[in-house]
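Some notes on the structure that comes next.
Every number here is computed from the coordinates shown, using simple stated rules; none is lab data. Because the structure is a prediction, the values reported are computed rather than measured. Note that each Cβ is placed from the backbone with ideal geometry, even for glycine, and that neighbours are counted across all protein chains shown.
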Amino acid sequence: MTAPLLELRNVTKRFGATTALDDVSITVHQHEVVGLIGENGAGKSTLLKMLAGLHRPDGGQVLLSGDPVDLGSPARAARLGIGVVHQEQSLLPNLRVAENLLLGHEGDALRAGFFRRKRLEAAAAEALATVESKVSPASLTEDLTFAERQMVEVARAVASRRPGRPPLVVLDEPTSVLEAEDVAVLKRQVMALREVGSVIFVSHRLDEVLDFSDRVYVLRDGKVVGERTSQDATEADLFRMMIGRDSSAGFYDEGRQRPADPDAVPVLSVKDLSRRGQYSGVSFDIRPGEVLGLVGVIGSGREQVSRAIFGAEPHDEGSIVLDGQPLRLRTPAAAVRSGIAYVPAERRVEGMVGGATVAENIALVHPGRGPVVLPARRRVVAQEWAERLDIRPRDTAADMARLSGGNQQKAALARWVLADDLRLLILDHPTRGLDIGAKEDLYKLFRDLCERGIGILLLADTLDEAIGMSHSVIVMKDGQVTARFENTAVDGKPQPIQLLEKMM
Amino acid sequence: MSATPVHDVATLEQQSTVSRPKNNRRLLLSAGPAVALVVLAVAFAVLTPGFATVNNARAIVEQASIPLVLAMGSTLVVLLGSVDLSVEGVMAACGLTFVLLASNNRNDNDLGWLAFVIAIGVGAVFGVVNGLIHTRIRVPSFMVTLGTWFIGLGMATVLFGTTTPQLQDQTFRAWAGGRWLGVPVVIVFAALVTVGAFVVCRYSKLGRYTYAIGGDEAVSRVAGIPVNRFKVIVFCLAGALSGLGGVLATIRLGVGDVSVGSGQLFLTLSAVVLGGTLLSGGRGGPLHTLVGVLILVVLGNGLLLSGANPYVQQAAQGLVIVIAVIATGWPVRDRLRVVK
């Protein structure tokens, strides 16, 4: 048997006092898809950065095809055949696909500082062919769909290796932003990649990891805590290894779901809300302590409705009544003053101020009375919330951008729930891209808020989440409400298939 | 419900990249300014006698020449996502350097063509200094070039001394009204620079990397592009073109003048923006800028011919720019969008 394509032997990586990777040994054979799972902070990203040539191990060895190698820099790792497709897309939208594919390693497509277009496009077409992508090399990258762009990234990862090297493609959370049908396309492409090389597949979604991979490694606290072949593993197994305990008990904290009082004055009452070309006749009530899940596919108009309620987008007709008071001023600032909070889906873009400290982020919306923000006061408040929400690290003077996704989201939420007069919380994909532990913490927080009598409008990441968290579920399709499941008890909730029927 | 909560029945992900508004925007960025130019020209042709004549067309092209040379450099810098405010200072410094090195009434220098080349070289050095301070010491290009603007003016004032230096080199003086192949010399320069900038932006590594850096600097760095080196090169080119503009303007005047570039910064930067090159970088290009320069020159020329008050002309130019910027931003209006 030939030497495995990649072998990590007892690799250790420390950052100061913390050990990010502790004696990790992983083997990836030729023509194999290896899954890698673990919570945020388990060491996955450190491992990926090491493979990408961004970190050097402090101890242990990395072997490629049996030879010890030093992955000194991204360019070096790429030449050796390791291509990492990062979670955030790294294509330049304003360039053509071919230029993006060969950026930085154009080879003979450049002569005397000028591009030879035909060669460039031929080389790009070749790279695209290896992942069976039908994208034209001459098209502008921003015109591609998200899924197509991801394929281009995979193609780039494959294309940058030195000839003769089998590719090892590392996919970091590739499915977190893909639609169901695109996931199927990705699966085909991963299988095609397996024919020529190997793939390391990192995902939060255990079902997908099992579906894509031949073998799965589980990381926890920087150590490999388990290795299973996909045939012999179940999601429950993996979950247990990953979290270190059983999963089944009340993931959505349903035991704490209290029925909302049908006679109470609704926190939010939306009547016949319409916007031309987007949605029409949308009506619903949210009572104190009630979670209302709004589900629908892209284009159903649910995002627009939620943003209209927050005043971030205009609407043409209909009324929005908060606590019996009709809302007049339609701006985000007015919405905040009347007690509406909005946690956007694009956390990095709209949900946080990177570069500012955690404390500053938490105190952003409600800095306290008067025009003066006392840093000392801010620290005290931020510290309290960091503890209540278990934001790690506890250091509220840390830069927000350095926190992991789950902790960023907690800090972003803390900023809103700080307010005593919070009435309505609009959550747009609040758990997108978070690991299971962080999700559980957030679900607990949402239940806490319900007990305070706050209403929640939830645009869930998955149907399960919408059903698990919500008292009522409203289904939208093409801008219309197609189904309502109102104020259901915990055991009377709709089944996913019932919602799907109305969504499609 | 299933006992394994991480199981997804369906994903409801929202794609943040809907392509339609982007297409609209791109169309508006590329076709909008051209349409505006045509509308403007037709309007003046109908309303103002004397606008639609061959002589006036020639005058417009000649007026546009020096701004075009300057604006091409500015375009490259803006495509990077930076800005070069030093245009007027560099023009003045280079113009005076040129006069004092060529045959003049102040000293015995008579370097001829070498004076022309050295003066442009001075502009290139200004550009390199801009680029180095911006990239190595990490000062925003806005602040660096604001500084070098006044360094250039100061240097020009020192060179100017007490009496106005006059250009006496007959070759260059003949250029002022001269023609090459029937085309005024200054137009030849403008055409060469415009075509050169177009080719560089479209086909060269330098040009494409400039777009890449303007698109996303961090991504470009990770892809292995030596971002700083390319930035310095682009600033150097822009400085050299400012120098060329200063020298051409000086030849036309026949004397060295500190205020030779006065008003050119407003004209070039607004032409770049009007043409549809985004200040955030990565989008637009030389052809956009060509249209932008023509719009401003046609507007000025048309208003002059129609006998409008010069102050009204200035206000009209400002108004056109604001309208153009509103129009290019129209499809991406969103109340949560941040405007800086």
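Results, tabulated for the structure shown:
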read-out: Estimated distance in nm for a label pair at residue B:110 and residue A:451, the labels positioned 7 Å out from Cα along Cα-to-Cβ; value: 9.7
read-out: Cβ-based net charge around residue B:190, under 15 Å, with every Lys or Arg adding one and every Asp or Glu removing one; value: +2
read-out: Farthest positive-ward along region A:403-504 dipole, Cα basis, beta-carbon charges - from A:467, A:481, A:503; value: A:481
read-out: Computed helical MRE - 222 nm, chain A, DSSP H runs ≥ 4 contributing -39500 (n - 2.57), nearest 500; value: -9000 deg cm²/dmol
read-out: Highest-fluctuation residue, B:171, B:75, B:148 considered, GNM on chain B with Cα pairs under 10 Å; value: B:171
read-out: Point-charge dipole on Cβ atoms (K/R +1, D/E -1) for chain A, about Cα centre, debye to 20; value: 1440
read-out: Cα gyration tensor category, rounded, prolate or oblate, for region B:85-203 with a/c compared to 1.5; value: oblate
read-out: Nearest-ten-degree value, helix B:286-305 long axis tilted from longest Cα axis of chain B; value: 60
read-out: Qualifying trypsin sites (Lys or Arg not before Pro) for region A:131-218 [loop in DSSP, other Cβ within 10 Å: at most 10]; value: A:134
read-out: Shape category assigned to region A:414-484 from the gyration tensor of Cα positions, a/c cut at 1.5; value: oblate
read-out: Test item: Cα-centred dipole of region A:110-175, Lys/Arg +1 and Asp/Glu -1 on Cβ, debye; value: 620
read-out: Stokes-Einstein D for chain A, Kirkwood Rh over Cα pairs, 37 °C, 0.692 mPa s (µm²/s); value: 133
read-out: Gaussian network model of chain B, Cα within-10 Å springs - most flexible of B:91, B:143, B:72; value: B:143
read-out: Shielding of A:98-108 by partner chains, average beta-carbon count, 10 Å; value: 3
read-out: Region A:6-243: Cα Rg divided by the 2.2 N^0.38 Å rule of thumb; value: 1.01
read-out: Qualifying trypsin sites (Lys or Arg not before Pro) in region A:47-100, DSSP loop, other Cβ atoms within 10 Å at most 13; value: none
read-out: Cα long-axis angle, helix B:264-275 against chain B (0 to 90 degrees, to the nearest 10); value: 40
read-out: Local electrostatic count, residue A:73, Cβ distance below 13 Å [Lys/Arg +1, Asp/Glu -1]; value: +4
read-out: CD proxy at 222 nm, helix term only [per DSSP H run n ≥ 4: -39500 (n - 2.57); per residue of chain B; nearest 500]; value: -24000 deg cm²/dmol
read-out: Nearest-20 debye value, region B:28-328 charge dipole, Cβ charges on Lys, Arg, Asp, Glu; value: 600
read-out: Nearest-ten-degree value, helix B:113-136 long axis tilted from longest Cα axis of chain B; value: 30
read-out: Theoretical FRET efficiency, 1/(1+(r/R0)^6), r = Cβ-Cβ of residue B:42 and residue B:221, R0 41 Å, to 0.05; value: 0.30
read-out: Rounded Å value of the spacing that divides the Cα centres of region B:166-229 and region B:51-89; value: 11
read-out: Residue among A:202, A:416, B:118 farthest towards the positive dipole end of the protein assembly as shown, charges placed on Cβ; value: B:118
read-out: Rounded D (µm²/s) - region A:148-295, Kirkwood Rh over Cα pairs, Stokes-Einstein at 4 °C, 1.567 mPa s; value: 66
read-out: Kirkwood-based shape ratio for chain B, expressed as Rg/Rh from alpha carbons; value: 1.06
read-out: Residue among B:92, B:228, B:250 farthest towards the positive dipole end of region B:28-328, charges placed on Cβ; value: B:228
read-out: Across A:271/A:477; A:134/A:502; A:187/A:493; A:134/A:439, pairs whose alpha-carbon gap is larger than 26 Å; value: A:134/A:502; A:187/A:493; A:134/A:439
read-out: With 20 Å bins from 0: P(r) over the protein assembly as shown, alpha-carbon pairs, percent; value: 13, 38, 33, 14, 2, 0
read-out: Positive minus negative residues near residue A:9 (Lys, Arg vs Asp, Glu; Cβ under 13 Å); value: -3
read-out: Anisotropy class of region A:254-503 from Cα gyration tensor, a/c 1.5 cut; value: prolate
read-out: Trypsin sites (Lys or Arg not before Pro) restricted to region A:441-471 and DSSP loop, no more than 16 other C-beta within 10 Å; value: A:452
